[in-house]
Amino acid sequence: MIKGVGAGVLAASGLLLAGRPARADLAKAQKLLKNLIGDRTPQEGKVRLDMPQIAENGQSVPLTVAVDSPMTADNFCKAIHVLADGNPEAGVCTFKFTPASGRAEFSTRMRLAQTQNVWAVAELSDGSVWMTKTEVKVTIGGCGG
């Protein structure tokens, strides 16, 4: 495959045209969320998602997610899922926690293809699910295409 050809790829046997990668959308993100948490309904609160409101470049957008959880043996955050409804794939990452983690918080960077909503969804040991989301405006997309 020859890189930098844009939407198409040149093949040795001739020209093979391939469209841009399909973008996730709200329905796909909701379907992924249902696969992750089942029939539980996420509630607003307990989750803090810190990201810039405007990303000059979608290649590397910082984010920090923290969940208000005591992280005791009886009451802790089991997992945090990050989804982005405008990227080629809605699922960005999942971090898993135990009471030994001490706190349910992480910082990382992600790529954003375009202006979109980013969701942080936390699963707690009592079976409850909490979430928050924020819109990030992207001036230069970071997922190719």
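The values are calculated or read from the model by the stated rules, or taken from the named source; none is laboratory data. Fair warning: this is a prediction, and the values are worked out from it, not measured in the lab. Cβ placement follows ideal geometry from the backbone for every residue including glycine, while neighbour counts extend to all protein chains displayed. We work out accessible area using only protein heavy atoms, side chains counted, and drop any ligands, DNA or RNA first. Shrake-Rupley method; radii C 1.70, N 1.55, O 1.52, S 1.80 Å.
Checking Asp85 against (1) farther than 18 Å from Asp25 by Cβ; (2) in contact with a helix residue (DSSP H, G or I) (Cβ under 8 Å, 6 or more places away or on another chain), only one condition comes out false. Which one?
Asp85 satisfies all of (1) farther than 18 Å from Asp25 by Cβ; (2) in contact with a helix residue (DSSP H, G or I) (Cβ under 8 Å, 6 or more places away or on another chain) except (1).
Which ones in segment 91-121 are open to solvent by less than 20 Å² (accessible area, probe 1.4 Å) and under 30 Å from Pro70 (Cβ atoms)?
Ala104, Phe106, Met110, Val118, Trp119, Ala120, Val121
Among Thr98, Thr72, Thr108, Thr94, which is the only one that is at pLDDT 95 or above and in contact with a Phe, Trp or Tyr (Cβ under 8 Å, 6 or more places away or on another chain)?
Just a single option satisfies the conditions, and that option is Thr98.
Can you tell me which residue is nearest to Ser60 (Cα to Cα) among those in segment 122-145 that are open to solvent by less than 30 Å² (accessible area, probe 1.4 Å) and in contact with a Pro (Cβ under 6 Å, 6 or more places away or on another chain)?
Here the residue is Met131.
Among all residue pairs at least 6 apart or on different chains, which show Cβ distances below 6 Å where the first residue, located in segment 30-49, is open to solvent by less than 30 Å² (accessible area, probe 1.4 Å) and the second is among the hydroxyl-bearing types (Ser, Thr, Tyr) and not in a loop (DSSP other than H, G, I, E, B)?
Listed by first residue and then by second, the contacts come to Val47/Thr132; Leu49/Thr132; Leu49/Thr134.
Which members of segment 61-86 meet the condition of being in contact (Cβ under 8 Å) with a residue 40 or more places away in the chain, surrounded by 13 or more Cβ atoms within 10 Å (Cβ to Cβ) and in a loop (DSSP other than H, G, I, E, B)?
Ser69, Phe76, Asp85, Gly86
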